[in-house]
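For reference, the structure is listed below as structure tokens.
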Amino acid sequence: MTDVATALQEKKKSDRAQRKTKIGKVISHKMQKSMVVSIERLVKHPLYGKYVKKTSTFMAHDENNDAKEGDTVLIMETRPLSNRKRWRLVEILERAK
């Protein structure tokens with residue numbers, strides 16, 4: 001009986017899609033348990049071919065208030081936590097100097 005239950009749990013885990021992750025820089029950590037993460041990417045201009053920096057900002061959940069402004073962090077997609085928060089902090093990759 002327990003073998004069947006564990007097999008079902010393993011199947012559910014493997015069926016779930018892999019969650020998206022992003023690496024960005026903390027630009028605001030003035031809220032409790034929340035932060036704003038900025039992610040820059042290079043996009044090629046369709047006509048001129050020059051690469052242009054595009055910036056996206058994401059609200060992320062920081063349970064322990066570990067991250068500070070300027071830190072490079074890894075965030076992961078999660079269920080909606082509030083009106084704008086759909087990401088959560090996974091780990092701090094590099095501390096601000």
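Being modelled with pLDDT under 95 and hydroxyl-bearing (Ser, Thr, Tyr) is the filter here; which residues of region 3-59 pass it?
Result: THR6, SER14.
Residue-wise test of (1) of a type in the set (Asp, Glu); (2) assigned to a strand (DSSP E or B); (3) out of contact with any His (no Cβ under 8 Å at 6 or more places or on another chain); (4) touching a residue at least 60 places away in the same chain (Cβ under 8 Å).
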residue	(1), (2), (3), (4)
ALA17	no, no, yes, no
LEU42	no, yes, yes, no
VAL52	no, yes, no, no
SER56	no, yes, yes, no
LYS68	no, no, no, no
LEU74	no, yes, yes, no
ARG79	no, no, yes, no
LEU89	no, yes, no, no
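The values are calculated or read from the model by the stated rules, or taken from the named source; none is laboratory data. Nothing here was measured: the structure is a model prediction, and the numbers come from that model. Heads up, the Cβs are rebuilt from the backbone with ideal geometry, glycines too, and the neighbour counts pull from every protein chain shown.
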